[in-house]
Every structure is written in structure tokens, then in C-alpha cells.
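**Q** The structure's right below; bear with me while I get my questions together.
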Amino acid sequence: MSRHEHAVEVLAILSENLVNPQPQLVPTAAIAGRLNLSPGQLRPLLRTMEGMGIIQSDADLSYHLITAEGLRWLRERAPSNAMN
């Protein structure tokens, strides 16, 4: 899977959290597990995504939320069936 595809998958995972009335922070380990990556492999991508403003993370890159910009980015880039 390419870096772009991983980014889309990360955003899709984080967007699933929005169905909760009070979305919770999503742990890096949970995201990494869904992508079959180690947290260490995922952190550089998460750091880049935070710098782009498409996710918000804590200082340790341990917990994450999708931003409004991330939702727009996901809608523009995700295959149409991934958003159903």
C-alpha cells in the first residue's frame, strides 16, 4: 500500500469515530493494527498528516482525531465506496 493509500485509510478509520456523540481520541496502536503496521512505522505518516492539518494529535503522537480539513481531504481522495 502506498503512503497516499495509508493516509486515506487513516482518515477513514478516524472518520468512523465521528458516529459517536462525543468522538474519542483514537490510539496510534489501534490505527496501526488496522493497517497491519507497527506504531513506529505509522508515526512518520501521522506526523506529516498533522502538519498538513488533516488530523490532530497529542504531543506524543499517541492519540488522534480527524479535522474538518481531513474530512474534506478524505472526500476528495477516497474511492466513493469507502465513504459509505
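**Q** Report, in debye and to the nearest 20, how large the dipole of the chain comes out about its Cα centre when Lys and Arg carry +1 and Asp and Glu carry -1 on their Cβ.
**A** Computed about the Cα centre, the dipole is about 140 debye.
**Q** Right, next: Which label marks the calculated value of percent of Cα pairs over 22 Å apart, given the options [x] 15; [y] 68; [z] 34?
**A** The listed entry that was calculated here is [x].
**Q** Oh, and also: Taking the Cα centre of region 3-83 as the origin and placing charges on Cβ (Lys, Arg +1; Asp, Glu -1), which of Val26, Pro44, His64 is farthest toward the positive end of the dipole?
**A** Most positive-ward Cα: Pro44.
Throughout, read-outs are computed from the coordinates displayed, never taken from laboratory work. Note that the structure is a prediction, hence the values are computed from the model and not measured. FYI the Cβ positions are ideal-geometry reconstructions off the backbone, even for glycines, and counts take in every protein chain you see.
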